[in-house]
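Structure first, commentary second.
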Amino acid sequence: MATGRLGVGETLGALNTALGPGEPVWFKETRARHLRARDFLAPRPALQARFEDGQVPEHVVRAVAGLQGPGVAPVLRCEPTPAGLALQLQRPAVFERVLGAVTAYAAPAAPAAPGPRVVLHCPALRGALGALRLSQLRAVLVADHLARALRAHGASVRLVPAVRDPHMRTFLQQLRVDWPAASEKAATGALRNLPLAELSPAPDGGGLPPGVLGTVCLKEVMRERGCAAGYDPNVDKCLVTEDLLSVLAELQAAVRHWPGDGPRGLAAAPDADGCMALHVVSCEEEFQQQKLDLLWWKLDEQAPRTQKHLVCGPVKAASALTAPEYYDLRHAQVCKAAALKRGRELSQDPTWTEVFSVLSAATIKFEMLSTAPQSQLLLALADGSISTKGTKSGTFVMYNCARLATLFEGYKHSTEQGLYPAFPPVSSLDFSLLQDEVSVVLGSWAPVGGWDLPSQRPSPPLPPQGEWLLLFNGVLPFPELLSQTAALACAAPGLHATARTEMMCKFLVQLSMDFSSYYNRVHILGVSTQHRGRGGELLGVQGQQRRRPAGPFSPPGASTTPVWSNVCPSPASAGCA
């Protein structure tokens with residue numbers, strides 16, 4: 001069996017190289033109707049621009065068909081079609097490579113170089129919980145998402161500020177946001193000891209307002225550093241206070257003192273100081289943060305030369321809510337949905353307390369991250385937003401996650417009871433049996449006693465929207481998707497950075513749709529003849545009825561529920577959401 005992780009990017013790169021010099025033309029197919037005949041396509045208009053009369057030389061077609069290399073998926077055939085040059089992979093070989101090392105596809109692709117040092121600053125966490133606006137909550141969740149993505153990709157990340165408000169810490173724990181805490185403000189002695197010449201006296205010889213230590217002309221700082229692009233033209237004077245110095249002292253400490261448990265062998269970033277500061281702010285906080293950036297440069301010679309702003313767009317809702325009120329609303333809606341499904345109040349049952357907390361946090365995170373951070377976000381606060389009937393919400397994703405968790409849990413328990421044999425090692429499977437979409441599991445493995453119902457027996461080849469759709473659109477590109485979510489557009493000149501947190505949400509929605517369609521069509525777990533009576537009673541299977549996952553809107557221990565009535569399988573597996 002060949003080793004090494006296959007990659008979509010590596011395959012596309014090799015395909016474009018095989019065509020010769022020029023702009024990239026190949027792209028990966030994603031739609032089921034196209035995947036019936038091809039996996040990659042070089043469109044005819046692009047080929048006409050590259051080759052005379054659009055005719056690809058025969059030796060180039062042969063080179064593409066025989067493509068090999070690290071990370072390159074094996075090619076079955078390449079042939080001209082009316083749409084362009086179509087390529088299909090050796091799908092059985094791809095299945096064997098991926099299933100033989102499936103855990104390798106659950107992590108981001110290894111970066112070419114060690115990750116940078118990033119100070120991730122979210123000023124919204126300095127305020128009181130009761131005053132936290134929805135736009136600030138969005139910035140907090142975006143910052144938390146970026147911290148996880150950057151660390152998974154090898155970056156060393158420091159989170160600032162440390163949260164001092166105990167109520168804010170509790171709220172962040174409810175949302176499953178991992179953020180450092182502190183009980184005291186940062187010491188400002190180092191910054192206060194700067195020469196007085198750094199701070200200008202009050203204009204016109206007048207006295208300074210109470211608590212103000214001096215003023216700084218920020219326009220001069222912009223001219224000195226040549227960084228006016230992106231800054232508000234109204235940024236001018238800054239009144240330096242003790243609170244501002246405390247903020248800068250905490251940022252200064254984060255830059256100068258990195259934890260000893262960071263990634264080994266961490267190299268310096270492209271900047272000379274080897275560090276970048278990324279300020280994740282709401283649109284209301286951007287102006288003040290611009291002033292703070294310039295003041296940091298003025299008062300601290302070791303401030304990072306690269307400071308970028310990720311500005312989160314406004315959050316619009318039918319009614320004005322604070323972040324805690326928004327959480328309480330979503331939590332109440334989750335509890336209400338449970339009561340409507342089961343005819344009794346489950347929110348008072350301690351068994352379900354953690355389940356509802358997880359569902360509420362997951363719903364809020366998905367809502368806040370499913371739109372590009374830089375864009376305006378429209379929130380639907382009505383009860384209908386908790387429904388599982390739509391396919392674009394986080395609830396739909398959580399429901400299908402619950403399906404998978406229950407499926408794995410049900411198979412494990414059935415195996416322990418002798419209803420199914422243990423799944424054979426991947427190395428023992430005969431992948432040559434995969435002529436098209438016939439499952440290698442169905443072809444070489446069956447429950448004890450054989451297949452009971454006609455619908456459980458191995459079926460003719462399935463269409464490409466089945467196993468291949470899940471592997472080719474879900475498993476294979478996932479590592480590269482993780483890497484893309486950690487890629488910040490910081491190289492361009494100017495103040496602002498962009499992030500693509502919505503990519504993961506869109507991926508999960510599409511994966512859930514593909515899995516839901518496949519699961520509704522293919523009977524994955526059946527009942528063996530040997531255990532027909534007992535198994536039918538245990539699993540609630542009658543005729544060709546499929547076992548449905550139990551969910552949080554059903555009592556613990558329930559095993560059969562309507563297909564669209566649940567969100568998560570059980571308190572024990574609620575973490576899947």
Karplus 3J(HN,Hα) series, Hz, for the range 87-96 with 6.51 cos²θ - 1.76 cosθ + 1.60 (x for Gly, Pro): 10, 10, 7, 6, 4, x, 5, 5, 4, 4
Virtual spin-label span in nm between S432 and A65, 7 Å along Cα→Cβ: 2.2 nm
Solvent-accessible surface ranking, highest first, for T103, T371 at 1.4 angstrom: T103, T371
Point-to-point label distance, R36-F287, nm (Cα→Cβ direction, 7 Å offset): 5.8 nm
Of all accessible heavy-atom area on the range 1-123, the percent that carbon and sulfur account for (1.4 Å): 56 percent
FRET E, pair F408, W258, Förster distance 51 Å, beta-carbon r, rounded to 0.05: 0.80
Accessible area (Å², 1.4 Å probe, nearest 10) - F51: 30 Å²
Surface accessible to a 1.4 Å probe, R521 within the full protein complex, Å²: 100 Å²
With DNA, RNA and ligands ignored, accessible area of M504 (1.4 Å probe; Å², nearest 10): 30 Å²
Where T406, T30 fall by accessible area, highest first, once all protein chains stay in place (1.4 Å): T30, T406
Cβ-derived FRET efficiency at R0 41 Å, T81 paired with Q174, nearest 0.05: 0.15
20 °C / 1.002 mPa s Stokes-Einstein diffusion coefficient of the range 8-106, Kirkwood radius on C-alpha pairs, µm²/s: 153 µm²/s
Size of electric dipole in the range 273-335: Cβ of Lys, Arg +1 and of Asp, Glu -1, about Cα centre, debye, nearest 20: 160 debye
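The values are calculated or read from the model by the stated rules, or taken from the named source; none is laboratory data. The model shown is predicted, which means the values in this text are computed figures rather than measured ones. Quick reminder, even Gly has a Cβ in these numbers, built from the backbone with ideal geometry, and neighbours come from all protein chains shown. Protein only, heavy atoms only, side chains kept; ligands, DNA and RNA dropped before computing areas. Shrake-Rupley method; radii C 1.70, N 1.55, O 1.52, S 1.80 Å.
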